[in-house]
Every structure is written in structure tokens, then in C-alpha cells.
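Right, one structure below, let's go through it.
The values are calculated or read from the model by the stated rules, or taken from the named source; none is laboratory data. Computed from a prediction, not measured in an experiment: that's the story for all the values here. Cβ sites come from the backbone with ideal geometry, for glycine too, and all protein chains shown count toward neighbours.
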Amino acid sequence: MHELLGANGGSKRLLLGNQAIVRGALEAGISFATTYPGTPASEIGDNFYRISREIDLYFEYSVNEKVALETAAAAAVSGLRSMCSMKHVGLNVAADALMTLAYVGVKGGLVIVSADDPSLHSSQNEQDNRYYAKLSGLPMLEPANSQEALEMTRAAFTLSESHQIPVLLRTTTRVNHSRGVVTLGTLQPPQRSGSFEKDPFNLVVVPMVGRRLHVELLKKSHNLRAEANHSPFNTASGEGSWGIVTNGVSYNYVVDAIRELKLGDRIQVLKLGMTYPFAAELCLDFLKGLERILVVEELEPFMEEMLKVAAQESGLTLEIRGKEDDLLPRYFEFDPVQIKTAMARFFELDYQPPKVEPGPELPQRPPNLCAGCPHRATYYAVKQALGEGTAIYPTDIGCYTLGLLPPLQTADFLLCMGSSVSSAGGFSKAQDQPVVAFIGDSTFFHSGITGLINAVQNDHNFTLVILDNGTTAMTGQQPHPGVELTVEGPQPPKVDIEAVVRGCGVDQVLVVQPLQVRKTIGSIKEVLEGDENPGVRVIISKSPCPLFERRVTGRKQKVVFKVTEECDMCRRCLDELGCPAFTYCEDEEDCAYIRIDELLCSGCSVCAQMCHAVTPKKKSA
Amino acid sequence: MEVEGWAVWPRGSCMDSWRIFFTGVGGQGTLLATRILGEAALLTDVQVVVSEIHGMAQRGGVVESAVVMGKVLSPVVSDGEADVLMAFEPLEALRALRKCSAHSLVIANTSPISPFAVSSGKVQYPDVSEMMRTVSGHVGKLIALNARSLARGAGSELAVNMVLLGTLMRQERLPFGREPVETVIKTRTRKPFVEINLEAFDLGFQVV
């Protein structure tokens with residue numbers, strides 16, 4: 001039984017914030033869950049996926065976040081409690097649906113999880129998605145730890161249903177990926193099926209309906225503001241004439257700082273868990289009688305600005321500070337010393353941050369494509385096929401973005417999911433260098449197809465390489481529409497990438513197996529030299545992610561490769577492949593040689609095809 | 001193995017909070033080690049938060065995580081505030097030295113894993129003894145051990161994490177002893193590896 005289903009109410013568990021969110025949803029009787037995987041939200045969907053095989057809960061990995069939200073919206077409008085989870089930038093993709101869903105509202109509770117990533121641990125930006133609450137008018141809850149992640153998720157369903165509006169649960173990486181002790185509540189069984197009642201003049205948003213629904217939304221917002229003023233998640237504590245207003249993970253830093261700086265009798269803390277609509281009356285009550293206020297929130301001055309507006313409207317003139325004068329930065333996540341330092345500066349306290357050794361300059365350890373990764377072979381083949389020539393390489397989001405680093409250096413431009421295809425078209429129209437774009441299989445389904453159709457329609461001229469490794473590898477091997485390898489054995493894909501590409505109107509399509517190096521180089525050369533036939537050319541480079549293949553098939557590796565004495569130290573393996581299994585060594589007489597680490601070698605044979613001094617041998621058990 | 005410069009534990013026996021910072025290379029099992037320590041704390045009713053970062057870092061990059069226990073709630077360990085640094089790799093021990101103070105206990109594996117710039121022959125891997133000397137000079141106590149060879153002795157090089165946990169528990173600086181940790185290893189690690197893991201933990205525990 002799944003660990004989140006087996007535990008009884010009242011028992012304690014050490015749960016990731018993401019697991020706590022899932023448990024909270026199960027305790028609210030969730031029936032329907034959708035997602036597109038993205039760090040730091042991925043474990044929410046992955047847990048629902050496994051749980052959906054055990055209980056009557058519908059779960060899907062949707063093709064992208066917009067699809068995920070629209071699918072969940074239909075379930076919620078049919079009365080089912082539903083959740084749609086995604087990383088922060090995923091909400092950009094889903095934003096079109098979000099803004100009007102706020103008008104339309106829901107019947108069954110709908111909780112939308114936005115997992116933000118301050119410090120960009122695994123994202124392309126660190127946008128503050130709290131502004132989506134303000135932009136859309138949706139209520140928002142922000143947990144500070146795993147226990148609150150569970151409780152707020154559970155409460156979010158009730159809040160959503162009682163006001164017939166979706167609720168945003170906004171987390172940050174440190175909440176999603178911290179494990180904390182959680183006291184569990186009682187599980188509620190999912191509702192088996194929903195029912196849809198036709199109501200087109202509330203559910204079909206033509207202008208005359210939208211006008212009315214906008215006014216309705218503002219009424220709901222007004223009621224939700226009263227709810228925020230009395231929310232059990234908005235709490236004041238402590239004593240003294242100074243105040244701190246804080247939210248989310250920052251609350252933990254504030255509490256620790258107050259204890260360590262021994263300020264328990266001097267500072268009151270207002271912790272906002274329901275941060276939108278803004279609990280203005282509650283905040284004004286808190287401000288009254290205080291001398292100065294520090295707002296401690298990561299990223300943008302979201303609460304700070306609303307607090308200042310509320311204070312101004314009621315004529316309060318006390319000092320409210322946060323992001324001004326670099327007291328607290330608008331970038332990256334906080335850490336405890338930073339908060340103690342800012343508090344000491346603002347409240348004029350004596351505090352010396354610990355002295356930190358700058359440390360010597362050390363070799364960096366950037367992440368690298370795994371040994372045996374077929375993306376490396378594809379990149380190598382493309383560069384070989386181009387020869388002395390060069391190209392612009394628009395890339396996309398996935399493991400293969402690591403092609404950015406030397407020695408592969410096959411990434412020149414990236415914005416977001418799908419930007420490889422559309423920007424490749426733009427480059428081909430804007431300048432004269434040839435363009436070779438890269439996109440992964442899951443990303444292609446997510447948002448590459450639209451760009452491809454656009455390129456065909458507008459006669460763009462580039463080569464698109466679809467790196468098809470058969471899974472959504474980066475986020476933990478989630479399935480996508482083109483998956484062929486399953487635990488039950490190989491199966492035909494539900495959606496065939498080649499058929500999609502041809503269906504988009506591309507005539508020049510080539511499928512290669514990148515681990516067959518010479519053949520692949522030859523084929524790619526032919527395609528790239530087809531400049532006399534301008535247009536969109538697609539190469540599908542198809543070879544499974546070795547980690548995924550090993551997990552799914554359980555196949556044992558039989559062969560590894562070794563470097564023989566014929567090696568003349570030309571270094572091409574090191575300088576052109578960059579496989580982590582290769583090591584440059586020196587013996588006791590400072591004589592250089594190259595070695596392949598047997599533990600790391602995955603037996604892909606790419607190196608052996610480019611060099612006669614690499615030969616196979618039986619892998620020792 | 002060397003043991004140097006043992007200073008008095010920062011706040012004597014009246015500690016009410018513990019910050020343990022873990023660093024290593026993707027694939028070394030740092031996240032399992034932090035989780036085991038977290039589960040052991042839960043088992044003994046000690047307040048605990050475990051902080052991890054998933055995703056990009058797993059592709060052979062640096063993986064950092066933390067376990068904080070007792071009164072402290074902050075999941076992040078600031079520079080200069082780690083009570084214990086658990087370094088699974090010597091170069092990463094030195095890189096994470098910024099987390100330590102003159103009071104910190106450092107447990108470091110001396111078996112190197114070359115970063116790409118080193119294995120491609122572009123730069124040299126720094127001398128391990130030299131790096132350990134630098135670490136030792138800035139912290140309260142350093143225990144440097146070849147955890148990889150101990151793990152191999154226990155039956156699997158993958159058990160470096162268990163060896164280092166054993167060495168940590170021997171220091172008796174946490175609010176619980178070795179038993180809850182061993183209980184968690186028995187119940188929470190994969191069945192075929194439990195015996196190896198316990199043996200590796202014990203070999204680490206022998207190191208003082």
C-alpha cells in the first residue's frame with residue numbers, strides 16, 4: 001500500500017512538503033488530479049500517479065500545464081474535488097485558462113499548486129507567482145512547512161467550495177523539498193463520479209457573460225477578504241513594540257532569529273498564511289501601537305506594498321520597510337544569517353554575522369549528461385556532420401540543455417518550453433547562419449508542435465532535432481504520449497512523433513539511432529546539405545534514456561569498454577565527447593593515459609565507434 | 001585517517017539545536033543519509049526538518065542537503081552556522097568549508113570523485129591531504145576517513161553514506177544514539193542491502 005494511504009489519522013510521519021500536499025488532498029477526499037511534471041512540483045504528481053492505481057482517484061500526466069488546468073477545471077465544474085499542480089513557469093502556460101476560470105468558478109473544490117523556485121535551483125527564472133493571485137483575483141494560501149502544507153491543502157478545498165472559486169496554493173522549493181514532522185488527519189474516500197449541469201449563461205464566457213462574471217468575481221473577492229481577516233492561517237504572536245510581517249518559509253527564519261537574538265519580548269510577528277485577498281483589517285489591527293515594521297518575504301515586495309497601501313488609507317505613518325535600500329533583496333531565497341543581519345540593521349541591534357572563509361578557487365563540478373546518454377551521441381553527430389561549418393543552436397528545456405557546457409556546446413538560445421522551434425524559425429528569417437534546433441520528446445508534445453506548424457506555414461528554414469529518449473527524463477521519468485517502453489513490455493506509442501511531424505506538414509523527416517554513430521553522421525549530413533531544398537527538416541534521434549531503460553526492462557548490462565595500448569593520446573574522446581566515464585590519468589612516471597571507469601561506463605559503444613583504441617570487454621559482476 | 005584539533009563542542013552539553021550540513025556528488029546517497037537521520041529523529045521524538053534539493057543537481061553535480069534538529073526551524077543552513085559538516089567527497093568538503101565555524105565537527109570521506117574539468121585533464125585535482133589540512137585548520141574537529149574503502153569492505157561501494165552515518169553517531173553529539181539510526185536502516189533501506197548497510201554503518205562507527 002502507498003505510504004500516504006497506509007498511515008492512520010493522528011500518527012506522525014516525516015513528509016516532504018509535496019507529500020504533505022498530496023496527503024492533505026486525500027484527507028479532503030480528492031477525486032481528480034492533473035499535472036505536467038516540473039521541479040519542484042514533480043513529486044505531487046508522482047505520488048498521485050502511484051496512489052491512483054490503488055484507490056478510485058483519477059490522475060493524469062497531462063501534455064502541458066494549460067491542458068492540465070482545463071482538464072481539472074472540467075472535473076471541478078462537475079462537482080469533483082480536484083487538484084492541478086505545476087512549477088511556477090507552468091502557470092504561465094496555464095495562465096490563459098486561469099484568468100477566465102477565475103470568472104467561471106467551480107462547484108467541487110479546485111486547488112491549483114504553483115511551486116515557485118526562488119534561487120532558480122532548477123528553473124529558467126524566479127518569478128513571484130503571488131502576483132497571479134492578484135492578477136486573477138483568486139485566493140491564495142502559502143504554507144511555511146510540511147504540516148501547514150497538509151493543513152492548508154485540506155482547508156483550501158473547503159475554501160474553494162464555499163466560495164465556488166479555485167484556490168492557489170503557492171509554495172517555494174524549500175517547502176516542496178523539505179521533510180518535516182507531520183501529524184496526519186483522517187482520509188476521506190474520493191467521490192466516484194461527478195455530474196455536470198448545463199448552465200451556458202454562467203459557463204460559456206462570451207462577452208455578455210464575462211461582464212457579469214467579472215462583477216461576481218469582485219463580490220467573491222470581497223467576501224474572501226473577510227475570510228482572510230479571520231483565517232486561522234493568519235496569526236499574530238509575541239510581544240513588544242516592533243513588528244515583523246512574514247509568510248511562507250521566511251517565517252521559520254524569523255522565529256529562529258528572534259530566539260537567537262533574544263528578542264522575544266520586543267518583537268511581535270504577524271504570519272500571513274492566506275496572503276490574498278490581503279487581510280487589511282487584521283494587518284491594521286496589528287500595526288496599531290507598533291513603532292516600526294519589517295516585512296520579511298522572499299522575492300517581490302508583495303505583502304509590503306499592500307501593507308503600505310492599507311496603512312496609508314487609514315492614516316498610519318509608522319515606518320514599514322522591506323525591500324528598499326537593499327535591506328532585503330528581491331532576488332534568491334533567504335537564509336537565516338541574512339534575516340538576522342537585516343533585523344539587526346533595521347531594529348538597530350548588535351549582531352555580528354559569522355566570519356566566513358572565502359576559501360580557495362576550486363575546480364567546478366557542473367552537472368553533466370550521464371555516461372551512455374544518447375543526447376551526447378546526437379550532439380556529437382550533429383557537430384561532426386557540420387564539419388568546419390557552424391550553426392545557431394536554439395535549445396529547449398530538459399536534460400539535453402546540459403549540451404550548453406563544453407565540450408558539446410550545442411546551445412545558443414533558450415527562453416522556455418517550446419522556444420527552440422519557434423525561435424529557430426525566427427533566426428532563419430532574421431539572419432544567414434544555418435539553424436539547428438534541439439527539443440526533447442516530452443517538451444515537443446508540451447509546446448513544440450504549435451511552433452512546428454507555424455514554421456511550415458511561414459516557410460521557415462531550419463533543421464529541428466527531436467531528442468526522443470522515450471520519457472520525461474529530467475523530472476524523474478514520467479510518461480508522455482510517445483512512450484513505448486513500459487514495465488509490461490514494449491508497446492506502440494499512443495501518439496507517434498514521426499506521424500505528428502508529418503501531420504504538421506513536414507516532408508523532410510529522418511529517424512536516426514544516435515548510438516549508431518557513423519550512420520547517424522552520414523544521414524544528418526545529407527539532411528543538412530539539403531540547403532537547395534529550403535524549409536523545415538526534422539531529424540528524430542531515437543534512443544531510450546539508459547537510466548529509464550534499465551529501470552523499466554531490468555536488463556543487466558553485459559559489456560563495458562576499455563582503452564587499449566593503441567591509444568595515441570589524441571584526446572578526441574575527452575575533447576569532443578565529454579563522457580563522464582573517461583578519465584585522464586598520469587602514472588608514477590608522469591606518463592599520461594586515458595582510462596574508462598567501469599562503474600560508470602554504460603556500454604553504449606559510442607566511443608568505440610569513434611576510436612580504434614577503445615574495445616569492449618565483459619562487465620565483471 | 002587523521003584526527004586533529006578537537007575543540008570543545010560549541011555550546012557544551014546544553015545544546016538545544018543541531019544543524020548538520022551534507023554535501024556530496026550526485027549518486028553518492030547523501031539524500032538517503034539525510035532522510036535516515038530525519039526518520040531517526042522522528043522515532044525519538046526530536047523535532048526535525050530535512051532539506052533537500054532535487055532536479056538539476058543529480059546529473060553528477062554537487063548535491064547539498066541539511067538536517068536541522070531541536071529548536072531550530074529554518075531548513076537552510078547559513079554560511080558559518082553548521083554544527084556538523086558531512087562531506088561525502090574531499091573536494092566538496094573544502095568547497096563547503098564556508099558552512100563551518102571554529103566549532104564545527106567535520107566528517108569527510110577522503111576518496112575523491114573527479115569533476116569533469118579534472119577527468120578531462122584540463123585542471124589538476126587538489127591534493128587531498130592538503131585540502132584536509134586546510135579544513136582542519138578552520139574547524140573544531142575533523143575526522144577524515146576513506147569511507148569508500150570501508151564501504152567496499154562491507155560489501156558495496158555504494159554504502160559510503162552508511163559508513164559516514166556510523167562515524168557521525170560514534171561522536172555522540174546528537175540527541176539520540178546509534179540504535180534509532182540502525183532501526184531506520186533496517187526498516188527504510190532496500191531489503192537486499194540491509195545487511196551491507198548495517199555492516200557499513202558499524203565499520204563507520206568504529207572510526208574515532
Item to complete: Return yes when residue A:424 is under 30 Å from residue A:87 (Cα atoms), crowded, with 23+ Cβ neighbours inside 10 Å and aliphatic (A, V, I, L, M) and no when it is not.
Response: yes
Fill in: Unmet criterion (only one of (1) farther than 29 Å from residue A:478 by Cα; (2) assigned to a helix (DSSP H, G or I)) for residue A:547
(1)
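So which of A:538, A:559 ends up being in contact with a Pro (Cβ under 8 Å, 6 or more places away or on another chain) and at pLDDT 95 or above? I'd like the intermediate steps shown before the answer.
On the way: A:538 fails: in contact with a Pro (Cβ under 8 Å, 6 or more places away or on another chain).
Only one candidate qualifies: A:559.
Table: residues versus (1) within 25 Å of residue A:498 (Cα to Cα); (2) assigned by TED's automatic domain parsing to the domain that holds residue A:548; (3) buried (at least 24 other Cβ atoms within 10 Å of the Cβ); (4) out of contact with any Leu (no Cβ under 6 Å at 6 or more places or on another chain).
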residue: A:361; (1), (2), (3), (4): no, no, no, yes
residue: A:364; (1), (2), (3), (4): no, no, no, yes
residue: A:383; (1), (2), (3), (4): yes, yes, no, yes
residue: A:397; (1), (2), (3), (4): yes, yes, yes, yes
residue: A:418; (1), (2), (3), (4): yes, yes, no, yes
residue: A:452; (1), (2), (3), (4): yes, yes, yes, yes
residue: A:458; (1), (2), (3), (4): yes, yes, no, yes
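Please go through region A:525-564 and pick out each residue that is basic (Lys, Arg) and without any contact (Cβ under 8 Å) to a residue 60 or more places away in the chain.
Going through region A:525-564, the residues basic (Lys, Arg) turn out to be A:525, A:537, A:542, A:550-551, A:555-556, A:558, A:562.
Within region A:525-564, A:550, A:555, A:556, A:562 qualify.
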Discussion item. For the structure I just gave you, tell me whether residue A:353 is part of a loop (DSSP other than H, G, I, E, B), farther than 25 Å from residue A:127 by Cβ and either among the small types (Gly, Ala, Ser) or not assigned by TED's automatic domain parsing to the domain that holds residue A:223 (or both).
Written reply: yes
Worksheet item: Name the pairs whose Cβ atoms lie under 6 Å apart, with the first residue in region A:237-254 and away from every other protein chain (no Cβ under 14 Å) and aromatic (Phe, Trp, Tyr), the second surrounded by fewer than 24 Cβ atoms within 10 Å (Cβ to Cβ) and not in a helix (DSSP H, G or I), and 6 or more positions between them or separate chains?
Response: A:242/A:266; A:242/A:267; A:242/A:292
Worksheet item: Pairs, please: C-beta under 7 Å, at least 6 apart or cross-chain, first residue facing chain A (nearest Cβ under 8 Å) and in region B:29-47, second part of a helix (DSSP H, G or I)?
Response: B:39/B:184; B:39/B:188
Discussion item. With the structure loaded, tell me whether residue B:60 is on the phi > 0 side of the Ramachandran plot, within 11 Å of another protein chain (Cβ to nearest Cβ), surrounded by fewer than 23 Cβ atoms within 10 Å (Cβ to Cβ) and free of Cβ contacts under 8 Å to residues at least 24 places away in the same chain or whether it fails that test.
Written reply: no
Worksheet item: If you go through region B:173-185 one residue at a time, how many are without any contact (Cβ under 8 Å) to a residue 24 or more places away in the chain and either in contact with a helix residue (DSSP H, G or I) (Cβ under 6 Å, 6 or more places away or on another chain) or assigned to a loop (DSSP other than H, G, I, E, B) (or both)?
Response: 1
Discussion item. Any residue that is under 25 Å from residue A:254 (Cα atoms), at the interface with chain A (Cβ under 7 Å from one of its Cβ atoms) and in contact with an Asp or Glu (Cβ under 6 Å, 6 or more places away or on another chain) - is there at least one of those in region B:75-94?
Written reply: yes
Fill in: Test for residue A:135: is it surrounded by fewer than 19 Cβ atoms within 10 Å (Cβ to Cβ), at positive phi and in the same structural domain as residue A:213 (by TED's automatic domain parsing)
no
Practice prompt. Being among the acidic types (Asp, Glu) and touching an Asp or Glu at 6+ places or on another chain (Cβ under 8 Å) narrows it down to one of A:297, A:348, A:281, so name that one.
Written response: A:297
Fill in: All strands (runs of 3 or more DSSP E) inside region A:1-115 with 3 or more residues being over 16 Å from residue A:157 (Cβ atoms) and within 14 Å of another protein chain (Cβ to nearest Cβ)
A:12-16
Practice prompt. Output yes when any residue across region B:141-159 is within 25 Å of residue B:19 (Cβ to Cβ) and within 13 Å of another protein chain (Cβ to nearest Cβ), and no when none is.
Written response: no
Worksheet entry | Matching residues in region B:64-83 - criterion: being over 22 Å from residue A:183 (Cα atoms), surrounded by fewer than 24 Cβ atoms within 10 Å (Cβ to Cβ) and in contact (Cβ under 8 Å) with a residue 40 or more places away in the chain | B:64
Worksheet item: Can you tell me how many residues in region B:101-129 are under 13 Å from the mean Cα position of the chain (by Cα) and in a loop (DSSP other than H, G, I, E, B)?
Response: 2
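Any idea how many residues of region A:238-258 are more than 34 Å from the chain's Cα centre (by Cα) and on the phi < 0 side of the Ramachandran plot? Lay out the reasoning, then the answer.
Narrowing region A:238-258 to residues more than 34 Å from the chain's Cα centre (by Cα): A:238-243.
Remaining after also requiring on the phi < 0 side of the Ramachandran plot: A:239, A:241-243.
The qualifying residues number 4.
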Discussion item. Looking at A:198, A:262 in this structure, which one is in the same structural domain as residue A:321 (by TED's automatic domain parsing), part of a loop (DSSP other than H, G, I, E, B) and without any contact (Cβ under 8 Å) to a residue 60 or more places away in the chain?
Written reply: A:262
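Quickly run through region A:368-396 and pick out the residues that are within 14 Å of chain B (Cβ to nearest Cβ) and more than 18 Å from residue A:412 (Cα to Cα). Lay out the reasoning, then the answer.
Filtering region A:368-396 down to residues within 14 Å of chain B (Cβ to nearest Cβ) leaves A:368-373, A:375-376.
Matches in region A:368-396: A:370, A:371, A:372, A:373.
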Worksheet item: Which ones in region A:279-295 are assigned to a loop (DSSP other than H, G, I, E, B) and surrounded by fewer than 24 Cβ atoms within 10 Å (Cβ to Cβ)?
Response: A:288, A:289, A:290, A:291
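Return yes when residue A:606 is at pLDDT 95 or above and under 24 Å from residue A:403 (Cα atoms) and no when it is not.
On the way: at pLDDT 95 or above: yes; under 24 Å from residue A:403 (Cα atoms): yes.
When the stated conditions are applied, residue A:606 passes them.
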Practice prompt. Check off (1) surrounded by fewer than 24 Cβ atoms within 10 Å (Cβ to Cβ); (2) of a type outside the set (Lys, Arg); (3) touching a residue at least 60 places away in the same chain (Cβ under 8 Å) for residue A:432 and give me the number that stays unchecked.
Written response: (3)
Worksheet entry | Subset of region A:169-191 [under 16 Å from the mean Cα position of the chain (by Cα), part of a strand (DSSP E or B) and either hydrophobic (A, V, I, L, M, F, W, C) or surrounded by fewer than 24 Cβ atoms within 10 Å (Cβ to Cβ) (or both)] | A:169
Worksheet item: Does region A:417-440 contain at least one residue that is part of a loop (DSSP other than H, G, I, E, B), away from chain B (no Cβ under 14 Å) and among the small types (Gly, Ala, Ser)?
Response: yes
Discussion item. Scan region A:7-21 and tell me whether some residue there is modelled with pLDDT of 95 or more, aliphatic (A, V, I, L, M) and in contact with a Phe, Trp or Tyr (Cβ under 7 Å, 6 or more places away or on another chain).
Written reply: no
Discussion item. Residues that are more than 37 Å from the chain's Cα centre (by Cα) and either buried (at least 22 other Cβ atoms within 10 Å of the Cβ) or part of a helix (DSSP H, G or I) (or both): does region A:314-336 have at least one?
Written reply: no
